[in-house]
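Here is the structure we will look at.
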Amino acid sequence: MGRLDGRVGFITGGARGQGRAIAAKFASEGADIAICDVPPRSPNLAYETATEADLEATAALIRSSGRRCLTGVVDVRDQEGLSAFAQQVWEEYGRIDIVCANAGIVNWGPTLEMAEHVWQEVLDVNLTGIWKTVKATAPYLIRRGEGSIVITTSTNSVEPLRNISAYVAAKHGALGLMRVFALELGDHGIRVNAVAPGLVATPMSDNQAVYRGTFGRDDVTREEYIRAGHNWTALKGRNALSAADVADVVIWFASDESRHVTGVEINVDAGHMVLPGYNTSPFVEPGLPIRDYDMTALGHAPRLPNDTTRND
Ligand SMILES: NC(=O)c1ccc[n+]([C@@H]2O[C@H](COP(=O)([O-])OP(=O)(O)OC[C@H]3O[C@@H](n4cnc5c(N)ncnc54)[C@H](O)[C@@H]3O)[C@@H](O)[C@H]2O)c1
């Protein structure tokens with residue numbers, strides 16, 4: 001017996017990456033699947049979003065496991081498109097039990113130099129897209145008086161990172177939105193939670209813009225970036241996790257095992273969020289003296305020579 005036998009999972013951004021892994025995991029536990037994806041190509045992104053071929057590959061994977069799979073070429077910024085697809089899923093399957101608002105994009109660049117339309121695009125997909133997804137699907141969960149909504153946030157829902165301000169702002173917002181939905185939909189027996197992945201090996205996190213943004217220089221290599229991934233986790237031997245690792249937590253939120261859990265965000269980050277915050281490479285103006293501890297008032301003499309400078 002599967003943990004999701006007889007249920008229907010609706011997943012945005014389901015063509016590849018974590019969305020595909022979630023769809024495959026749900027199907028392996030007995031659910032029928034509806035996935036939507038394939039936004040128009042964005043000139044603002046340093047990587048390609050999914051294609052119809054990706055969407056069909058996920059559908060083939062689901063069908064090969066014996067479950068049904070509906071696909072929709074739907075942009076999460078398109079409320080009418082989402083509502084029409086949800087309606088189609090309802091007519092075809094007669095129910096929607098689980099909604100995964102997973103679609104997302106990331107754009108790298110200094111905040112003060114970011115064009116408004118680039119900022120807005122990330123907000124529209126990563127924050128407003130969640131609101132629209134829930135607006136389109138929640139009425140069907142409400143009809144049944146139960147269900148589970150899982151929103152994909154990020155460790156960036158609470159932790160900042162340089163050069164992805166729109167992403168950080170959207171993910172902070174997504175966490176807040178999840179909590180409000182948990183309150184409002186709790187009245188209807190619907191649970192709403194968030195999974196917060198850390199570093200996950202998908203096309204979004206494996207391109208030159210990410211390497212450059214993470215290190216703050218242009219010539220960083222993929223190898224350096226991959227090696228540095230080990231500094232990002234607390235658990236021994238971990239680096240970027242797999243999409244399936246995240247799906248293992250999403251299915252817990254989707255299943256009855258979490259039946260009393262709502263309004264919660266779980267980090268899937270190999271302990272990243274408990275790493276002590278210590279800047280091992282602070283920016284110091286070249287030539288400025290290193291600031292010694294000033295304990296002269298306590299009667300201690302300065303311990304660094306006065307002329308100690310950095311970068312000289
Ligand atoms: N990869 C990571 O390191 C990481 C870390 C934390 C959180 N996340 C989040 O995980 C989620 C899944 O990302 P992923 O890692 O699988 O990356 P991904 O790029 O492989 O998958 C994202 C999917 O969303 C789709 N998508 C993008 N914009 C869309 C739109 N407007 N409408 C419909 N679909 C759209 C893409 O086509 C793609 O299939 C995202 O919300 C992302 O922000 C990723």
Taking amide hydrogens as modeled 1.01 Å from N in the peptide plane, which residues meet the under 5 Å criterion relative to residue 11, leaving out close sequence neighbours?
34, 35, 36, 100
For a quick check: with amide H placed at 1.01 Å from N, whose amide H comes under 5 Å from residue 268's, ignoring anything fewer than 5 positions away on the same chain?
196, 198
Please give, to one decimal in nm, the separation of the simple spin-label points placed at residue 51 and residue 64, each 7 Å out from Cα toward the Cβ.
1.8
Can you pull the percent of the chain's accessible area that's carbon plus sulfur, 1.4 Å probe, other chains left in place?
53
Net charge (Lys, Arg +1; Asp, Glu -1) of residues whose beta-carbon lies under 13 Å from that of residue 275, residue 275 excluded, is -1
With axes computed from alpha carbons, what is the tilt in degrees of helix 243-254 against the longest principal axis of the chain, rounded to the nearest 10 within 0 to 90?
60
accessible surface per residue for the chain, probe 1.4 Å, DNA/RNA/ligands not counted, whole Å² -> 51
For peptides 137-150, 47-60, sequence by mean Cβ density within 10 Å, most packed first
137-150, 47-60
Where the only charges are on Cβ atoms (+1 Lys, Arg; -1 Asp, Glu), what is the dipole of the stretch 8-276 about its Cα centre, to the nearest 20 debye?
420
Across the stretch 161-171, in residue order, what do the Karplus-derived ³J(HN,Hα) couplings come to in whole Hz, using 6.51 cos²θ - 1.76 cosθ + 1.60 with θ = phi - 60° and x for Gly and Pro?
8, 4, 6, 9, 4, 5, 5, 4, 4, 5, 6
Where a ≥ b ≥ c are root eigenvalues of the Cα gyration tensor, a/c under 1.5 meaning rounded, otherwise prolate if a/b exceeds b/c and oblate otherwise, the stretch 67-178 counts as prolate
Packing-based order for 111-123, 1-13, 25-37, using average beta carbon neighbours within 10 Å, highest first
25-37, 1-13, 111-123
Shape call for the chain from the C-alpha gyration tensor, a ≥ b ≥ c root eigenvalues: rounded (a/c under 1.5), prolate (a/b greater than b/c) or oblate?
prolate
For a Förster distance of 51 Å, can you work out the FRET efficiency between the beta-carbons of residue 234 and residue 83, rounded to the nearest 0.05?
0.75
Scalar couplings 3J(HN,Hα) for the stretch 23-37 by Karplus 6.51 cos²θ - 1.76 cosθ + 1.60 (θ = phi - 60°), nearest whole Hz, x for Gly and Pro, are 4, 5, 5, 4, 5, 5, 9, x, 8, 8, 10, 10, 10, 10, 4
Interchain or long-range residues, amide H under 5 Å from residue 147's placed H:
191
In whole angstrom, the spacing between the Cα centers of the stretch 70-86 and the stretch 104-147 equals 13
Once you list every other residue whose beta carbon is under 14 Å from the beta carbon of residue 75, what net charge do they have if Lys and Arg are +1 and Asp and Glu are -1?
-3
In degrees between 0 and 90, to the nearest 10, how far off the longest principal axis of the chain does helix 129-144 point, with axes built from Cα atoms?
40
Could you run the Karplus curve 6.51 cos²θ - 1.76 cosθ + 1.60 with θ = phi - 60° over the stretch 9-15 and give me ³J(HN,Hα) per residue in whole Hz, x for Gly and Pro?
x, 10, 10, 8, x, x, 6
State the Cα centre-to-centre distance between the stretch 236-272 and the stretch 184-209 in whole Å.
9
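The values are calculated or read from the model by the stated rules, or taken from the named source; none is laboratory data. Note that this is a predicted model, so its numbers are computed, not measured. Here Cβ is always computed from backbone atoms with ideal geometry, including for glycine, and neighbour counts include all displayed protein chains. These area figures cover heavy atoms from the full protein model, side chains too; ligands, DNA and RNA do not enter into them. Shrake-Rupley method; radii C 1.70, N 1.55, O 1.52, S 1.80 Å.
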